[in-house]
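The values are calculated or read from the model by the stated rules, or taken from the named source; none is laboratory data. Here the structure is a predicted model, which is why all the values come from computation and not from measurement. All Cβ positions, glycine included, derive from the backbone under ideal geometry; neighbour counts span all protein chains shown. SASA here: full protein model, heavy atoms, side chains in, ligands and nucleic acids out. Shrake-Rupley method; radii C 1.70, N 1.55, O 1.52, S 1.80 Å.
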Amino acid sequence: MAKVVVGLSGGVDSSVAAHLLIEQGHDVIGVFMKNWHDETVVINNECPWIEDSNDALLVAEKLGIPFQVVDLSAEYKDRIVDYMFAEYEAGRTPNPDVLCNREIKFDAFAKIAMDLGADFVATGHYCQKQTTTLDNGEVVHHLISGADKGKDQSYFLCQISQEQLSKAMFPIGHLQKSEVREIATQQDLVTAGKKDSQGLCFVGKISLPEFLQQKLAPKEGNVYQVKRDTLKDQIDAFKSIDNLQLLANPFDLEQEDNILKGTHIGAHYYTVGQRKGLGIGGTVDPLFVIGTDVDKNIVYVGESTDHPGLYRPALQLDEKSLVWINRAAEISDNSSLEIDCRIRYRQSLQKAVLHNKAGLYFITFSEWQRGITPGQFAAFYLDGELVGSGVIQ
């Protein structure tokens, strides 16, 4: 059996993961990651780290395993927080949880685990891992969706490498959430009935405006409503275009008949698809952000969830951000691959085609996608296996 360090978060999932590993005969150590010190932007009573650390300690004591707390706040600031500020300032919407897994849990934290003599790092993610050996003797690790389709968290691991996956264990990935809670109750774990945490990875639920204002100063600008019919010509043109670059381009939202609806506190604070936080009324249906221009400090909105400005047929990926977890799925120049795609957590898998055009990567969808957001990750699946991902441009 192996020596395994479990990232005990103080939640039910990692608690049960540790219990199952012990049952399997592994030598288990529980470690809590402290990634954040600034509590001024964390919403009260929303997953405070001190409470979580105490719960993790109680679980470790109940299970009879060693426990310690490691402070990774410096690494978290350098690799995650600074990245978030830079992305928002550039008008993109980052996904810190994806980066937290790649840069913190399965890198900085994993290195600490290896220094403790661990063979593997285990987490409470709802995903699975399978390992195969090719005819040439090469060992390949596969990242598989969680058995609980409503809780599948494979998307959050879409940027980890084959090497990182080789050292990972996901003890609860084959279970339903209800089964996990039942096991926790049977074992009388203090986390059995605890609500799932929300917000930033191992930080908690933050007040995003206050968080961003630490570095990004408010800057008043105009909010313009884009009429539905204004985009008709552009939409009609999309239907006859076979140029992937043009298909992936966002709409031109700077139109003469746009309606000035009010002001905002800074275009970099808003994201495509956002409804709350605009503070603008006077329409029959809610207004949604359909685009931002951080250079001109303009926010564009459209009325109702079916506004055409919210939907696009294709996207382009930042080729430098591409990660192939399973390199067997990698496509060569001027070739395409039918995939299932997910552009946000909890989204159902979407039928799509991944294109490699001389090193530029595009995804076209069978159905137009709502809220394609620059800075987010597009994850590629084949038969339930997450094979790769890239950042949406």
Can you tell me which residues in region 284-338 are assigned to a strand (DSSP E or B), farther than 15 Å from I363 by Cα and in contact with a His (Cβ under 8 Å, 6 or more places away or on another chain)?
F288, I290, T292, V299
Residue by residue through region 303-343, note down the ones that are among the basic types (K, R) and surrounded by fewer than 19 Cβ atoms within 10 Å (Cβ to Cβ).
K320, R327
Could you tell me whether region 69-83 includes any residue that is under 17 Å from S166 (Cβ atoms) and either aliphatic (A, V, I, L, M) or assigned to a helix (DSSP H, G or I) (or both)?
no
With the condition kept exactly as written, say whether any residue in region 351-363 is aliphatic (A, V, I, L, M), open to solvent by 30 Å² or more (accessible area, probe 1.4 Å), modelled with pLDDT of 95 or more and in contact with a helix residue (DSSP H, G or I) (Cβ under 8 Å, 6 or more places away or on another chain).
yes
Could you grab me the full set of residues in region 174-192 that are closer than 25 Å to S145 by Cα and either open to solvent by less than 70 Å² (accessible area, probe 1.4 Å) or under 24 Å from the mean Cα position of the chain (by Cα) (or both)?
H174, L175, Q176, K177, S178, V180, R181, I183, A184, T191, A192
Scan region 134-169 for residues that are within 22 Å of A60 (Cβ to Cβ) and either part of a helix (DSSP H, G or I) or open to solvent by less than 20 Å² (accessible area, probe 1.4 Å) (or both) and jot them down.
A168
Could you figure out which of (1) closer than 23 Å to L57 by Cα; (2) modelled with pLDDT under 95 isn't true of G124?
(2)
Would you tally the residues in region 371-393 being touching a Ser or Thr at 6+ places or on another chain (Cβ under 8 Å) and open to solvent by 10 Å² or more (accessible area, probe 1.4 Å)?
6
